Amino acid sequence: MASAASVPVGGGVLVDMPGNAQLLVVQPRSGEFRAFNPACPHVGSLVNPPAGGVITCPLHGSVFDVSSGAVRKGPATSGLREVAVARSGEDLVLA
């Protein structure tokens, strides 16, 4: 899926998955990796990778917590859907 080294601490990357799907993989703190469906729950537009500790939807400005995906500011009324990932050596894989 992605290498751990490709995900910056405090940031994240969009990863292409099979079947035209994408995941947003983040590393909120050193060694802590999480992944989210990058479709904003408001209208499904693609969110931006984290900046300044938050994930932002460029379409309507919803803001999500980088650690949990929880909504911090609407118009979205729910957070990003988490996808389980695990570290296997230097690689991140679906758990």
* **Among (1) 58, 20, 15; (2) 26, 22, 12; (3) 22, 14, 10, the entry derived from the coordinates for semi-axes √(5λ) of the Cα gyration tensor in Å** => (3)
* Structure fact -> Of all DSSP beta bridges having both residues in the chain, the percent classed as antiparallel (nearest 5) is 95
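Subtracting the Cα-Cα distance from 0.36 nm times the residue separation, let me have the gained length for Ala5 to Asp65 in nm, one decimal.
Values: separation 60, 0.36 × 60 = 21.60 nm, distance 2.17 nm.
My answer for the length gained is 19.4 nm.
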* Lys/Arg Cβ at +1, Asp/Glu Cβ at -1, dipole of the chain taken about the Cα centre: which of Ala95, Val63, Gly10 is farthest positive-ward? -> Val63
* Dipole magnitude (debye, nearest 20) for segment 2-89, charges at Cβ of Lys, Arg, Asp, Glu -> 140
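Laboratory data are not the source of any read-out in this text; all were calculated from the coordinates shown. All of these numbers come straight from a predicted model, not from anything done at the bench. Cβ sites come from the backbone with ideal geometry, for glycine too, and all protein chains shown count toward neighbours.
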